[in-house]
1. So what's the net charge close to residue 197: Lys and Arg +1, Asp and Glu -1, counting the other residues with Cβ under 12 Å from its Cβ?
2. Select from 190, 230, 81 the residue farthest towards the positive end of the dipole of the chain; place +1 on Cβ of Lys and Arg, -1 on Cβ of Asp and Glu, and compute about the Cα centre.
3. Of 381, 368, 394, whose Cα points farthest to the positive end of the dipole of the stretch 366-420 (charges on the beta-carbon: +1 Lys, Arg; -1 Asp, Glu; origin at the Cα centre)?
4. Excluding ligands, DNA and RNA, what is the solvent-accessible area per residue of the chain at a probe of 1.4 Å, expressed in Å²?
5. Starting from the Cα-Cα distance between residue 70 and residue 420, subtract it from 0.36 nm times their residue separation and give me the gain in nm to one decimal.
6. Summing Lys, Arg as +1 and Asp, Glu as -1, what charge do residues with Cβ under 12 Å from the Cβ of residue 20 carry, residue 20 excluded?
7. At a 10 angstrom cut-off on C-beta neighbours, averaged per residue, how do the peptides 85-98, 362-375 rank from highest to lowest?
8. Provide the FRET efficiency to the nearest 0.05 for the residue 124-residue 14 pair, computing r from the beta carbons and using R0 = 51 Å.
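The values are calculated or read from the model by the stated rules, or taken from the named source; none is laboratory data. The shown structure was predicted, so the numbers you read here are calculated from the model rather than taken from an experiment. Counting neighbours? That spans all protein chains shown, and the Cβs are built from the backbone with ideal geometry, glycine included. Quick note on the areas: whole protein, heavy atoms, side chains included, nothing else; ligands and nucleic acids left out. Shrake-Rupley method; radii C 1.70, N 1.55, O 1.52, S 1.80 Å.
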Amino acid sequence: MPAPPSVTVTVRTKSHTDSYVFHDRSTVVVGRAPGCGIRVDDERRRISRHHCLLDVDPPTVRVRDLDSRNGTFVNGHRIDGEHELSPGDEVRVGRAALRITVEQGRTPAPPTRPDPGRALPALLAAAADGTPGLHDFADHQVLDEIGRGGQSVVYLARHQPTGQLVALKTLLADRAVDPAARDSFLREIACTRELRHPNVVALHHAGAAGAAFFFTCEYCPGGNVAQLVARRGGRLPVDEAVPIVLDALAGLSHAHRAELPVVLAGGRTTVAHGLVHRDVTPRNLLRTAGSVTKVADFGLAKAFDQAGLSGHTGTGAIGGSIAFQARAQLINYKYARPEVDLWAVTACLYWMLTGTTPRDFPAGTDPIAVVLRTTAVPVRQRLGSVPPRLAAVIDEMLVDKPRVPETTAAELADALRQAL
């Protein structure tokens, strides 16, 4: 079997040449600022601190100009926004040249835009035919559709052996599924299934048939926090918003410290020490009938995307939740630390209290450039009635330049309690 594809970015400047090899999906910022994935020194400052972003999904590569002062050029032509690169293309930033080389390996089928609703019939048919791995799926009776996204549909279902109501999520890959990609995603689910805590949505069963995947998890009839805020007219009072965040912090604290068994390719096992969510948003904070808040989707959407099953570019995947992401997460996404989750949950609190996100995103600006180059607006500038001590905790946590404050979920929860 041929080796999987890889991308090499060779960076040539007047003084030296460096090479960066990518075997997996990744995003990397190119610029002269410390912390950039590809840092290019430039005494004359023709290169912006955060000049452009490479979105690598071997064998494909895209470059995205980040509103740089002097522009990003591909084969001599200045680009506007995002541009897909071909092997041999040269990207110029200032006087530095980035040459793209691709080792093709297995060439994936061209991506399509599948109808996510096709996943459920495909799974039902496969289960009826006795496809291995779908016994758990066959035990569920679908009752209603309760949510839909670009590549997934969520149903309310009943687990017939127990009578328990669950949320059943189906996903449809955009291409024929590589067995390694399928196994990678299912291993990620197996790891996450071991994460058990009263403030984390419990994951139950998972499986796949062809390009269709499913998993079931705990059903939270109260919906998500974004829906709750919408029902309340766009904002929540302090005494309702802070307890929601304290619940979320309890779940995050457990996840960040948990020891989880991980099944590697070939059947070997290891232990993962802590799990970073990387996508804490109001839509991923779910409410039970008793108004307990639980953190949902610990990396499963990301895992589906990074396994090459979604056809989304990394920057496209970022776009939906970028307002709740810390600067460090964009610069160093693959190695994001628990602090990025704490920044995000604090951003959720800020949004619940004020009805706006910590950063301003003016129309026509690149949202990634906004995150990289601007800071959070102090919360009392948005809403002067936020108690000063609470505002101080929020504003301190939302500092993410040069880095997010090093703290823990438990310490942040204590600070919020003391502020009240």
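1. Working: positive: 196, 257, 294; negative: 194, 218, 247.
Net charge in that neighbourhood comes out at 0.
2. Positive-end residue among those listed: 81.
3. Farthest towards the positive pole: 381.
4. Working: 19270 Å² over 420 residues.
That works out to 46 Å² for each residue.
5. On the way: separation 350, 0.36 × 350 = 126.00 nm, distance 4.77 nm.
Answer, rounded to one decimal: 121.2 nm.
6. Values: positive: 39, 99; negative: 18.
It works out to a net charge of +1.
7. Values: 85-98: 18.1, 362-375: 15.6.
My ranking of the peptides, most packed first, is 85-98, 362-375.
8. Details: r = 62 Å, r/R0 = 1.21.
According to the calculation, E is roughly 0.25.
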